[in-house]
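Structure first, commentary second.
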Amino acid sequence: MQSWVKRSHTDTAKRALNTTSLFGTVCFKVQTVLIDEEVEMVTHCCSLIRGPFKSLQLFGSRDCSSYVSRTRYLMRLKEDDEACRGALQSGNVLLYHKLAPLLRQTQRGRYQLHVLQATDVKGILGKLGKDEQLLNTSVLIGCSDSDIAQFSLDVGSLEKAAVEEMCGGVFIDLRKAFFLLKGPEAPLVTKGQALLRWHQTHAYCSATGQPTQRNQAGSQRVCLTNGTTYYPQMAPVVIVLLSDGRRCLLARQSTFPLGMYSALAGFCDMGETMEETLRREVAEEVGLEVESLQFSGSQHWPFPQSSFMVACHATVSPENAEVNLDGVELEDARWFTLEEIEGALKRKPPPQSTKGEPTGFWVPPSYAIANKLIQEWANQQKKL
Ligand SMILES: NC(=O)c1ccc[n+]([C@@H]2O[C@H](COP(=O)([O-])OP(=O)(O)OC[C@H]3O[C@@H](n4cnc5c(N)ncnc54)[C@H](O)[C@@H]3O)[C@@H](O)[C@H]2O)c1
Ligand SMILES: [Mg+2]
(Lines give C-alpha, C1' and ligand atoms only; values in the text may rest on other atoms or scores of the structure.)
(Ligands and ions follow the chains in the order given, each with its own letter.)
Protein backbone atom coordinates (compact mmCIF):
# COMPACT_ATOMS: atom_id res chain seq x y z
CA MET A 1 0.00 0.00 0.00
CA GLN A 2 2.75 2.44 0.95
CA SER A 3 4.41 2.12 -2.46
CA TRP A 4 1.09 2.83 -4.19
CA VAL A 5 0.54 6.05 -2.22
CA LYS A 6 2.67 8.75 -3.81
CA ARG A 7 4.04 11.52 -1.66
CA SER A 8 1.45 14.06 -2.83
CA HIS A 9 -1.26 11.53 -2.14
CA THR A 10 0.09 10.96 1.31
CA ASP A 11 -0.20 14.66 1.99
CA THR A 12 -3.71 14.64 0.59
CA ALA A 13 -4.69 11.77 2.83
CA LYS A 14 -3.18 13.58 5.81
CA ARG A 15 -5.20 16.65 4.96
CA ALA A 16 -8.31 14.54 4.67
CA LEU A 17 -7.71 13.07 8.08
CA ASN A 18 -7.34 16.51 9.56
CA THR A 19 -10.98 17.10 8.81
CA THR A 20 -12.26 13.95 10.44
CA SER A 21 -12.62 12.22 13.72
CA LEU A 22 -10.16 9.48 14.62
CA PHE A 23 -11.68 6.75 12.49
CA GLY A 24 -14.95 8.49 11.75
CA THR A 25 -16.77 9.15 8.53
CA VAL A 26 -13.62 9.74 6.54
CA CYS A 27 -14.94 8.90 3.06
CA PHE A 28 -17.87 11.24 3.39
CA LYS A 29 -15.77 14.06 4.80
CA VAL A 30 -12.94 14.00 2.30
CA GLN A 31 -15.28 14.53 -0.61
CA THR A 32 -16.28 17.83 0.87
CA VAL A 33 -12.75 19.20 1.11
CA LEU A 34 -10.72 17.76 -1.75
CA ILE A 35 -10.53 18.59 -5.43
CA ASP A 36 -12.02 15.96 -7.78
CA GLU A 37 -8.85 14.17 -8.90
CA GLU A 38 -7.78 13.70 -5.30
CA VAL A 39 -11.15 12.36 -4.25
CA GLU A 40 -10.81 9.15 -6.22
CA MET A 41 -7.48 8.32 -4.68
CA VAL A 42 -8.48 9.20 -1.12
CA THR A 43 -11.80 7.41 -1.43
CA HIS A 44 -9.89 4.32 -2.45
CA CYS A 45 -7.54 4.96 0.42
CA CYS A 46 -10.48 5.23 2.80
CA SER A 47 -12.03 2.02 1.56
CA LEU A 48 -8.89 0.36 2.84
CA ILE A 49 -8.88 2.55 5.91
CA ARG A 50 -7.12 0.27 8.35
CA GLY A 51 -4.38 -0.71 5.89
CA PRO A 52 -3.18 2.58 4.44
CA PHE A 53 -3.53 4.62 7.58
CA LYS A 54 -1.61 2.03 9.51
CA SER A 55 1.20 2.13 6.96
CA LEU A 56 1.12 5.94 6.76
CA GLN A 57 1.33 6.00 10.55
CA LEU A 58 -0.83 9.08 10.82
CA PHE A 59 -2.45 8.21 14.11
CA GLY A 60 -0.52 5.16 15.17
CA SER A 61 -1.78 1.67 14.76
CA ARG A 62 -5.05 0.13 15.85
CA ASP A 63 -2.87 -2.64 17.27
CA CYS A 64 -2.25 -0.22 20.11
CA SER A 65 -4.97 -0.01 22.70
CA SER A 66 -7.80 2.34 21.78
CA TYR A 67 -6.78 4.40 24.80
CA VAL A 68 -3.35 5.03 23.31
CA SER A 69 -4.88 5.91 19.92
CA ARG A 70 -7.27 8.39 21.51
CA THR A 71 -4.53 9.93 23.62
CA ARG A 72 -2.24 10.41 20.62
CA TYR A 73 -5.14 11.83 18.63
CA LEU A 74 -5.88 14.41 21.33
CA MET A 75 -2.20 15.25 21.61
CA ARG A 76 -2.12 15.93 17.89
CA LEU A 77 -5.24 18.11 18.00
CA LYS A 78 -3.63 20.23 20.72
CA GLU A 79 -0.57 20.80 18.54
CA ASP A 80 -2.19 21.24 15.14
CA ASP A 81 -4.77 24.04 14.84
CA GLU A 82 -5.90 22.99 11.38
CA ALA A 83 -6.45 19.38 12.45
CA CYS A 84 -8.37 20.60 15.50
CA ARG A 85 -10.62 22.87 13.43
CA GLY A 86 -11.30 19.88 11.18
CA ALA A 87 -12.13 17.64 14.13
CA LEU A 88 -14.47 20.30 15.49
CA GLN A 89 -16.57 20.21 12.31
CA SER A 90 -17.52 16.57 13.01
CA GLY A 91 -17.12 16.74 16.79
CA ASN A 92 -19.45 16.49 19.76
CA VAL A 93 -20.19 19.73 21.59
CA LEU A 94 -21.29 20.34 25.19
CA LEU A 95 -23.05 23.67 25.48
CA TYR A 96 -22.81 25.99 28.50
CA HIS A 97 -24.63 29.24 29.14
CA LYS A 98 -22.56 31.55 31.33
CA LEU A 99 -20.77 28.37 32.50
CA ALA A 100 -23.98 26.46 33.35
CA PRO A 101 -24.00 23.16 31.38
CA LEU A 102 -26.88 22.02 29.18
CA LEU A 103 -28.58 18.84 30.45
CA ARG A 104 -31.58 16.96 29.21
CA GLN A 105 -34.08 14.85 31.07
CA THR A 106 -34.69 11.26 30.01
CA GLN A 107 -38.18 9.75 29.91
CA ARG A 108 -37.48 8.24 33.31
CA GLY A 109 -36.78 11.71 34.68
CA ARG A 110 -33.01 11.20 34.99
CA TYR A 111 -30.68 14.01 33.88
CA GLN A 112 -27.98 13.43 31.26
CA LEU A 113 -25.48 15.59 29.47
CA HIS A 114 -27.02 16.95 26.30
CA VAL A 115 -24.36 16.18 23.71
CA LEU A 116 -24.84 17.97 20.37
CA GLN A 117 -23.16 17.50 17.01
CA ALA A 118 -21.20 20.49 15.71
CA THR A 119 -23.61 20.64 12.75
CA ASP A 120 -26.56 20.97 15.17
CA VAL A 121 -24.79 23.85 16.91
CA LYS A 122 -24.23 25.60 13.59
CA GLY A 123 -27.94 25.16 12.83
CA ILE A 124 -28.88 26.73 16.16
CA LEU A 125 -26.51 29.66 15.62
CA GLY A 126 -27.95 30.19 12.13
CA LYS A 127 -31.54 30.14 13.39
CA LEU A 128 -30.69 32.68 16.09
CA GLY A 129 -28.98 34.92 13.52
CA LYS A 130 -25.51 34.42 15.04
CA ASP A 131 -22.21 33.97 13.22
CA GLU A 132 -21.17 30.31 12.84
CA GLN A 133 -17.66 31.43 13.86
CA LEU A 134 -18.83 31.26 17.48
CA LEU A 135 -18.35 27.48 17.15
CA ASN A 136 -14.61 28.09 16.76
CA THR A 137 -14.46 29.42 20.33
CA SER A 138 -15.10 25.82 21.52
CA VAL A 139 -12.37 24.18 23.57
CA LEU A 140 -11.23 20.58 23.22
CA ILE A 141 -12.01 18.47 26.29
CA GLY A 142 -11.65 14.85 25.22
CA CYS A 143 -12.41 12.03 22.85
CA SER A 144 -15.46 9.78 23.17
CA ASP A 145 -15.34 5.97 23.29
CA SER A 146 -16.42 6.05 19.65
CA ASP A 147 -13.37 8.20 18.82
CA ILE A 148 -15.19 11.49 18.31
CA ALA A 149 -13.47 14.63 19.55
CA GLN A 150 -15.43 16.37 22.34
CA PHE A 151 -15.59 20.13 22.80
CA SER A 152 -17.25 22.57 25.17
CA LEU A 153 -18.70 25.90 24.07
CA ASP A 154 -20.16 28.78 26.09
CA VAL A 155 -23.14 30.36 24.34
CA GLY A 156 -23.64 33.00 27.04
CA SER A 157 -24.05 35.65 24.33
CA LEU A 158 -27.25 33.93 23.11
CA GLU A 159 -30.67 34.07 24.69
CA LYS A 160 -30.73 31.21 27.17
CA ALA A 161 -34.42 30.29 26.82
CA ALA A 162 -34.18 30.26 23.01
CA VAL A 163 -31.24 27.82 23.03
CA GLU A 164 -32.95 25.62 25.62
CA GLU A 165 -36.08 25.45 23.51
CA MET A 166 -34.21 24.61 20.33
CA CYS A 167 -32.14 21.90 22.01
CA GLY A 168 -34.85 20.45 24.24
CA GLY A 169 -32.55 20.82 27.22
CA VAL A 170 -32.01 23.05 30.22
CA PHE A 171 -28.94 24.94 31.46
CA ILE A 172 -28.33 23.97 35.10
CA ASP A 173 -25.85 25.47 37.56
CA LEU A 174 -22.75 23.25 37.74
CA ARG A 175 -23.13 22.49 41.46
CA LYS A 176 -26.55 21.00 40.77
CA ALA A 177 -25.56 19.41 37.47
CA PHE A 178 -22.58 17.68 39.08
CA PHE A 179 -24.96 16.14 41.59
CA LEU A 180 -27.46 15.03 38.93
CA LEU A 181 -25.01 13.38 36.53
CA LYS A 182 -23.72 9.85 36.81
CA GLY A 183 -20.48 8.07 35.87
CA PRO A 184 -17.96 9.73 33.53
CA GLU A 185 -20.41 12.54 32.63
CA ALA A 186 -19.75 14.36 35.92
CA PRO A 187 -15.96 14.81 35.50
CA LEU A 188 -16.42 15.63 31.81
CA VAL A 189 -18.87 18.42 32.49
CA THR A 190 -16.61 19.94 35.16
CA LYS A 191 -13.58 19.75 32.88
CA GLY A 192 -15.50 21.51 30.11
CA GLN A 193 -16.59 24.26 32.47
CA ALA A 194 -13.19 24.68 34.11
CA LEU A 195 -11.45 25.12 30.76
CA LEU A 196 -14.02 27.63 29.50
CA ARG A 197 -13.73 29.58 32.74
CA TRP A 198 -9.94 29.62 32.50
CA HIS A 199 -10.16 31.17 29.01
CA GLN A 200 -12.72 33.72 30.16
CA THR A 201 -10.38 34.87 32.94
CA HIS A 202 -7.07 34.76 31.03
CA ALA A 203 -7.79 36.94 28.05
CA TYR A 204 -4.91 39.27 29.01
CA CYS A 205 -1.24 38.77 29.85
CA SER A 206 -0.55 39.48 33.52
CA ALA A 207 2.91 40.90 32.66
CA THR A 208 2.13 43.17 29.66
CA GLY A 209 -1.60 43.70 30.07
CA GLN A 210 -1.96 42.92 26.35
CA PRO A 211 -4.44 40.39 24.88
CA THR A 212 -3.45 36.72 24.81
CA GLN A 213 -4.34 34.46 21.89
CA ARG A 214 -5.52 30.89 22.30
CA ASN A 215 -4.68 27.92 20.12
CA GLN A 216 -7.61 26.13 18.44
CA ALA A 217 -7.79 23.35 21.03
CA GLY A 218 -7.78 25.87 23.88
CA SER A 219 -4.91 24.07 25.62
CA GLN A 220 -2.83 27.26 25.88
CA ARG A 221 -2.80 31.04 25.41
CA VAL A 222 0.12 33.15 24.21
CA CYS A 223 0.84 36.84 24.83
CA LEU A 224 1.31 38.40 21.41
CA THR A 225 3.61 41.06 22.85
CA ASN A 226 6.19 39.13 24.89
CA GLY A 227 5.49 35.55 23.75
CA THR A 228 4.71 34.16 27.21
CA THR A 229 2.67 30.95 27.01
CA TYR A 230 -0.03 30.37 29.62
CA TYR A 231 -1.45 26.91 30.34
CA PRO A 232 -4.71 26.09 32.19
CA GLN A 233 -3.98 25.60 35.87
CA MET A 234 -5.41 23.80 38.86
CA ALA A 235 -4.53 24.67 42.46
CA PRO A 236 -3.15 21.61 44.32
CA VAL A 237 -5.04 20.70 47.49
CA VAL A 238 -4.43 17.86 49.96
CA ILE A 239 -7.48 16.26 51.52
CA VAL A 240 -6.87 13.88 54.42
CA LEU A 241 -8.92 11.51 56.53
CA LEU A 242 -7.25 11.20 59.93
CA SER A 243 -7.60 8.04 61.96
CA ASP A 244 -6.49 7.22 65.51
CA GLY A 245 -6.95 3.51 64.78
CA ARG A 246 -10.48 3.34 66.21
CA ARG A 247 -12.13 6.58 65.05
CA CYS A 248 -11.80 9.02 62.15
CA LEU A 249 -11.76 12.80 62.32
CA LEU A 250 -14.23 14.94 60.39
CA ALA A 251 -14.65 18.70 60.49
CA ARG A 252 -16.99 21.40 59.27
CA GLN A 253 -16.66 25.02 58.20
CA SER A 254 -19.48 27.44 59.02
CA THR A 255 -20.12 27.81 55.27
CA PHE A 256 -20.85 24.06 54.82
CA PRO A 257 -24.49 22.98 54.45
CA LEU A 258 -26.08 22.35 57.85
CA GLY A 259 -25.00 19.08 59.46
CA MET A 260 -22.31 18.23 56.87
CA TYR A 261 -18.87 17.11 58.07
CA SER A 262 -15.96 16.38 55.75
CA ALA A 263 -12.30 15.38 55.76
CA LEU A 264 -9.66 18.07 56.43
CA ALA A 265 -8.41 19.87 53.33
CA GLY A 266 -5.93 22.61 52.50
CA PHE A 267 -4.19 24.29 49.57
CA CYS A 268 -0.50 23.56 49.00
CA ASP A 269 1.83 26.45 49.71
CA MET A 270 4.41 27.33 47.06
CA GLY A 271 7.32 24.85 47.16
CA GLU A 272 5.65 22.31 49.44
CA THR A 273 5.50 18.57 48.88
CA MET A 274 2.14 16.86 49.30
CA GLU A 275 3.39 15.29 52.54
CA GLU A 276 4.43 18.69 53.92
CA THR A 277 1.06 20.23 53.07
CA LEU A 278 -0.76 17.39 54.75
CA ARG A 279 1.33 17.65 57.93
CA ARG A 280 1.01 21.45 58.05
CA GLU A 281 -2.75 21.55 57.42
CA VAL A 282 -3.46 18.97 60.11
CA ALA A 283 -1.29 20.90 62.59
CA GLU A 284 -2.89 24.24 61.62
CA GLU A 285 -6.51 23.16 61.60
CA VAL A 286 -6.77 20.64 64.46
CA GLY A 287 -3.44 20.92 66.29
CA LEU A 288 -2.40 17.28 65.74
CA GLU A 289 0.86 15.65 64.63
CA VAL A 290 0.56 13.12 61.78
CA GLU A 291 2.44 9.82 62.23
CA SER A 292 1.99 8.14 58.85
CA LEU A 293 0.15 8.70 55.59
CA GLN A 294 -1.06 6.71 52.63
CA PHE A 295 -2.09 8.00 49.20
CA SER A 296 -5.63 7.07 48.15
CA GLY A 297 -6.54 8.89 44.91
CA SER A 298 -7.13 12.25 43.30
CA GLN A 299 -9.86 14.36 41.76
CA HIS A 300 -10.35 17.57 39.83
CA TRP A 301 -12.64 19.76 41.93
CA PRO A 302 -14.22 22.71 40.11
CA PHE A 303 -15.58 24.64 43.14
CA PRO A 304 -15.04 27.55 43.58
CA GLN A 305 -12.07 27.45 41.14
CA SER A 306 -10.22 24.45 39.72
CA SER A 307 -8.42 22.48 42.43
CA PHE A 308 -6.46 19.29 42.05
CA MET A 309 -7.42 17.27 45.10
CA VAL A 310 -4.87 14.71 46.33
CA ALA A 311 -6.59 12.39 48.79
CA CYS A 312 -4.76 10.57 51.60
CA HIS A 313 -5.36 8.58 54.74
CA ALA A 314 -3.22 9.50 57.73
CA THR A 315 -2.83 8.30 61.29
CA VAL A 316 -2.22 10.02 64.62
CA SER A 317 -1.31 8.23 67.82
CA PRO A 318 -4.34 7.52 70.07
CA GLU A 319 -2.40 9.04 73.00
CA ASN A 320 -2.08 12.36 71.17
CA ALA A 321 -5.50 12.62 69.54
CA GLU A 322 -7.01 15.52 71.45
CA VAL A 323 -8.32 18.10 68.98
CA ASN A 324 -7.15 21.68 69.40
CA LEU A 325 -9.36 23.53 66.93
CA ASP A 326 -8.32 26.48 64.79
CA GLY A 327 -11.53 28.43 65.18
CA VAL A 328 -10.81 30.72 62.23
CA GLU A 329 -11.37 28.19 59.47
CA LEU A 330 -13.25 25.42 61.24
CA GLU A 331 -16.46 25.61 63.22
CA ASP A 332 -16.09 22.08 64.60
CA ALA A 333 -13.93 18.95 64.34
CA ARG A 334 -14.75 15.65 66.01
CA TRP A 335 -13.71 12.02 66.19
CA PHE A 336 -16.41 9.63 64.93
CA THR A 337 -16.78 5.88 65.53
CA LEU A 338 -17.36 3.33 62.77
CA GLU A 339 -21.01 3.02 63.81
CA GLU A 340 -21.54 6.77 63.52
CA ILE A 341 -19.80 6.88 60.13
CA GLU A 342 -21.88 4.00 58.78
CA GLY A 343 -25.02 5.86 59.80
CA ALA A 344 -23.83 9.05 58.12
CA LEU A 345 -22.93 7.25 54.89
CA LYS A 346 -26.51 5.98 54.65
CA ARG A 347 -28.06 9.35 55.46
CA LYS A 348 -29.25 11.53 52.60
CA PRO A 349 -28.38 15.26 52.66
CA PRO A 350 -31.33 17.29 53.95
CA PRO A 351 -33.17 19.48 51.44
CA GLN A 352 -31.47 22.85 51.03
CA SER A 353 -34.39 24.78 52.47
CA THR A 354 -34.15 22.95 55.82
CA LYS A 355 -34.03 25.34 58.78
CA GLY A 356 -32.30 24.30 61.99
CA GLU A 357 -29.86 21.47 62.66
CA PRO A 358 -30.72 18.20 60.84
CA THR A 359 -31.07 15.08 62.94
CA GLY A 360 -27.63 13.48 62.70
CA PHE A 361 -24.63 14.57 60.73
CA TRP A 362 -24.03 13.61 57.10
CA VAL A 363 -21.00 13.40 54.83
CA PRO A 364 -20.29 14.75 51.31
CA PRO A 365 -22.01 12.87 48.46
CA SER A 366 -20.33 10.16 46.44
CA TYR A 367 -18.95 12.46 43.72
CA ALA A 368 -16.70 14.19 46.31
CA ILE A 369 -13.43 12.42 46.99
CA ALA A 370 -14.00 13.00 50.74
CA ASN A 371 -16.78 10.43 50.46
CA LYS A 372 -14.40 7.88 48.93
CA LEU A 373 -11.92 8.39 51.78
CA ILE A 374 -14.68 7.89 54.36
CA GLN A 375 -15.99 4.76 52.59
CA GLU A 376 -12.46 3.33 52.41
CA TRP A 377 -11.86 3.97 56.09
CA ALA A 378 -15.18 2.31 57.05
CA ASN A 379 -14.42 -0.74 54.88
CA GLN A 380 -10.97 -1.03 56.41
CA GLN A 381 -12.32 -0.79 59.97
CA LYS A 382 -14.90 -3.50 59.29
CA LYS A 383 -12.08 -5.90 58.39
CA LEU A 384 -10.29 -5.37 61.72
N1 LIG B 1 -13.87 17.14 46.78
C2 LIG B 1 -13.93 17.05 48.09
O3 LIG B 1 -14.27 15.99 48.62
C4 LIG B 1 -13.56 18.24 48.94
C5 LIG B 1 -13.70 18.15 50.34
C6 LIG B 1 -13.26 19.23 51.13
C7 LIG B 1 -12.74 20.38 50.53
N8 LIG B 1 -12.67 20.44 49.16
C9 LIG B 1 -12.11 21.63 48.51
O10 LIG B 1 -10.77 21.78 48.93
C11 LIG B 1 -10.41 23.14 48.80
C12 LIG B 1 -9.50 23.56 49.93
O13 LIG B 1 -10.11 23.37 51.17
P14 LIG B 1 -10.06 24.50 52.29
O15 LIG B 1 -11.02 25.60 51.95
O16 LIG B 1 -10.25 23.81 53.59
O17 LIG B 1 -8.56 25.06 52.12
P18 LIG B 1 -7.58 25.77 53.21
O19 LIG B 1 -7.62 25.02 54.49
O20 LIG B 1 -6.24 25.94 52.57
O21 LIG B 1 -8.23 27.17 53.50
C22 LIG B 1 -8.69 28.05 52.51
C23 LIG B 1 -7.93 29.35 52.64
O24 LIG B 1 -6.65 29.14 52.09
C25 LIG B 1 -6.19 30.31 51.42
N26 LIG B 1 -5.68 29.89 50.10
C27 LIG B 1 -4.38 29.59 49.84
N28 LIG B 1 -4.23 29.24 48.56
C29 LIG B 1 -5.43 29.32 47.97
C30 LIG B 1 -5.89 29.07 46.64
N31 LIG B 1 -5.10 28.65 45.65
N32 LIG B 1 -7.23 29.22 46.38
C33 LIG B 1 -8.06 29.61 47.38
N34 LIG B 1 -7.67 29.86 48.65
C35 LIG B 1 -6.37 29.72 48.95
C36 LIG B 1 -7.35 31.30 51.44
O37 LIG B 1 -7.09 32.23 52.45
C38 LIG B 1 -8.55 30.47 51.82
O39 LIG B 1 -9.48 31.16 52.62
C40 LIG B 1 -11.71 23.95 48.69
O41 LIG B 1 -11.80 24.46 47.38
C42 LIG B 1 -12.79 22.92 48.90
O43 LIG B 1 -13.92 23.16 48.07
C44 LIG B 1 -13.07 19.40 48.38
MG1 LIG C 1 -8.99 23.61 55.24
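In table form, for the structure just shown:
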| read-out | value |
| --- | --- |
| GLY287 at pLDDT 95 or above and at positive phi | yes |
| Residue within the range 251-260 that is more than 13 Å from ligand 1 (Cβ to nearest atom) and out of contact with any Phe, Trp or Tyr (no Cβ under 6 Å at 6 or more places or on another chain) present | yes |
| Near pairs, Cβ below 6 angstrom, 6+ apart or cross-chain, from the range 153-178 (over 19 Å from TYR111 (Cβ atoms)) to any residue that is crowded, with 19+ Cβ neighbours inside 10 Å and of a type in the set (Gly, Ala, Ser) | LEU153/SER138 |
| Those residues of the range 211-251 which are away from ligand 2 (no atom under 16 Å from the Cβ) and in a strand (DSSP E or B), in sequence order | PRO211, THR212, GLN213, ARG214, ARG221, VAL222, CYS223, THR229, TYR230, SER243, CYS248 |
| Test: residue in the range 155-164 that is under 20 Å from SER219 (Cβ atoms), in the same structural domain as ARG197 (by TED's automatic domain parsing) and either touching a Ser or Thr at 6+ places or on another chain (Cβ under 8 Å) or open to solvent by 10 Å² or more (accessible area, probe 1.4 Å) (or both) | no |
| Cβ pairs under 8 Å, 6+ apart, first in the range 211-230 and under 17 Å from LEU77 (Cβ atoms), second at pLDDT below 95 | none |
| Checking MET309 against (1) within 24 Å of TRP198 (Cα to Cα); (2) open to solvent by less than 40 Å² (accessible area, probe 1.4 Å); (3) assigned to a loop (DSSP other than H, G, I, E, B); (4) at pLDDT 95 or above, the condition it does not meet | (3) |
| Test: THR137 is open to solvent by 70 Å² or more (accessible area, probe 1.4 Å) and modelled with pLDDT of 95 or more | no |
| Qualifying residue in the range 200-212 (condition: polar (S, T, N, Q), out of contact with any Pro (no Cβ under 7 Å at 6 or more places or on another chain) and open to solvent by less than 40 Å² (accessible area, probe 1.4 Å)) | yes |
| Residue list for the range 254-286, restricted to those being of a type in the set (Asp, Glu) and either in a helix (DSSP H, G or I) or within 11 Å of ligand 2 (Cβ to nearest atom) (or both) | GLU275, GLU276, GLU281, GLU284, GLU285 |
| Residues located in the range 263-294, provided they are open to solvent by 70 Å² or more (accessible area, probe 1.4 Å), within 27 Å of TRP198 (Cβ to Cβ) and either hydrophobic (A, V, I, L, M, F, W, C) or within 11 Å of ligand 1 (Cβ to nearest atom) (or both) | PHE267, ASP269, MET270 |
| Boolean, GLY86 is surrounded by 14 or more Cβ atoms within 10 Å (Cβ to Cβ), in contact with a His (Cβ under 6 Å, 6 or more places away or on another chain) and touching a residue at least 12 places away in the same chain (Cβ under 8 Å) | no |
| Filter result (under 19 Å from the mean Cα position of the chain (by Cα) and among the hydrophobic types (A, V, I, L, M, F, W, C)) within the range 212-257 | ALA217, MET234, ALA235, VAL237, VAL238, ILE239 |
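The values are calculated or read from the model by the stated rules, or taken from the named source; none is laboratory data. All figures in this text were calculated on a predicted structure; none of them were measured in a lab. Because the Cβ atoms are built from the backbone with ideal geometry, glycine has one as well, and the counts that use them run over all protein chains shown. These area figures cover heavy atoms from the full protein model, side chains too; ligands, DNA and RNA do not enter into them. Shrake-Rupley method; radii C 1.70, N 1.55, O 1.52, S 1.80 Å.
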